[in-house]
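First up is the structure itself, then whatever we jot down about it.
The values are calculated or read from the model by the stated rules, or taken from the named source; none is laboratory data. Because the structure is predicted, anything quoted here is derived from the model rather than measured. Don't worry about glycine lacking a Cβ; one is built from the backbone with ideal geometry, like all the others, and counts go over all protein chains shown.
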Amino acid sequence: KLRTHLTILPTATMKEFILREARAVFLWSLISYTLRLCLSLLDELSSLQDDLLSSTTISSNEITNEREQNFCFSPSPHGKCWKSVTIIRVFLTLLSILAGWFLRFLPSIKYAVGFSFASTWIFYPIRDRFRSIPNLPCRICETVMGRISLRQLAMIFPIHFLVPTIGAYSFKIMLPQALAGYAIDPISYSESNRWIVDFLREIFVNTLFVVGLLVIPALLQINGIKRRGFALLALYPLYSFSVDANSNGSVFSPNMLYALRYVNAYEEVPLAQWSHVLGPMIGGIVAGRIMRKAFPDEKQL
């Protein structure tokens with residue numbers, strides 16, 4: 001049998017466990033909000049590419065009008081202000097092209113919302129530091145596997161719902177409203193499909209995601225591959241897997257749906273969208289059953 005080669009963590013006191021879990025979730029939420037902010041700004045910059053390119057080709061009539069209104073915008077090579085404007089336009093155009101080129105290698109920022117909140121390049125370093133992956137379906141999976149007790153899971157739930165809310169409030173307070181909106185805008189799903197359809201899609205994609213999140217690093221380690229970045233390539237298609245009628249992907253962290261909606265609108269997740277809250281949790285349970293049967297932990301002597 002193929003085993004995950006992951007040892008069960010030693011039991012810590014409840015206080016240490018709660019503090020470690022809270023720190024891990026808080027760090028994850030801040031990094032995820034920052035990543036979402038950066039990717040959104042890159043997407044905005046990329047969308048300006050056509051406007052920047054067209055603005056660099058000013059017609060002769062517009063140039064004449066600008067020359068009459070303000071000499072500094074004259075196209076003359078001796079106009080210092082015109083040179084500065086041209087340099088800025090060229091620089092922004094190059095940045096826009098580079099941003100568009102970079103985003104082509106990533107899932108859609110608009111539809112693959114889970115890429116910002118469930119990237120392996122965030123999860124694995126945090127697990128190395130805090131000995132846990134700050135993902136609620138993953139923690140539910142570990143409970144089914146026997147790594148976490150039900151008492152610890154009872155502490156995990158409020159931590160995973162409250163701490164990201166505090167992180168979102170921090171962004172809302174510290175950043176200007178225009179920037180904070182990119183990071184903590186609420187995530188809404190279409191309600192056109194039947195509830196059960198979106199629910200089953202969430203279960204399916206989250207089951208695959210959690211199993212892959214736990215198993216792929218062990219498979220790479222068995223084959224002598226130390227770079228866990230390949231895990232992101234293996235999980236890449238799941239980020240774009242549609243879970244509603246508008247082709248939106250799963251957020252993989254249902255607690256984020258609550259946190260972002262509460263901070264922005266001071267309201268609960270609509271009942272019609274609870275399939276995207278319960279689905280990932282049930283997916284964690286199914287993933288735990290699969291892990292327990294196919295990839296059990298090695299029993300310590």
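Total residues in the stretch 99-129 satisfying the condition of being out of contact with any Ser or Thr (no Cβ under 9 Å at 6 or more places or on another chain) and assigned to a helix (DSSP H, G or I): the figure is 8.
The lone criterion from (1) of a type in the set (A, V, I, L, M); (2) crowded, with 22+ Cβ neighbours inside 10 Å; (3) touching a Gly at 6+ places or on another chain (Cβ under 8 Å) left unmet by Leu213 is number (3).
Residues are listed down the side, and each one gets a yes or a no for (1) at pLDDT 95 or above; (2) aliphatic (A, V, I, L, M):
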site: Arg139; (1), (2): yes, no
site: Gly146; (1), (2): no, no
site: Ala154; (1), (2): no, yes
site: Ile159; (1), (2): yes, yes
site: Lys172; (1), (2): no, no
site: Ile203; (1), (2): yes, yes
site: Asn206; (1), (2): yes, no
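For every residue, the table says whether it meets (1) of a type outside the set (Ser, Thr, Tyr); (2) within 17 Å of the chain's Cα centre (by Cα); (3) farther than 26 Å from Gly288 by Cβ.
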{"residue": "Met155", "(1), (2), (3)": "yes, no, no"}
{"residue": "Phe161", "(1), (2), (3)": "yes, yes, no"}
{"residue": "Pro164", "(1), (2), (3)": "yes, yes, no"}
{"residue": "Ala178", "(1), (2), (3)": "yes, no, yes"}
{"residue": "Tyr182", "(1), (2), (3)": "no, yes, yes"}
{"residue": "Val197", "(1), (2), (3)": "yes, no, no"}
{"residue": "Val211", "(1), (2), (3)": "yes, no, no"}
{"residue": "Val215", "(1), (2), (3)": "yes, no, no"}
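Within the stretch 105-130, how many residues turn out to be at pLDDT below 90 and more than 24 Å from Pro186 (Cα to Cα)? Count: 1.
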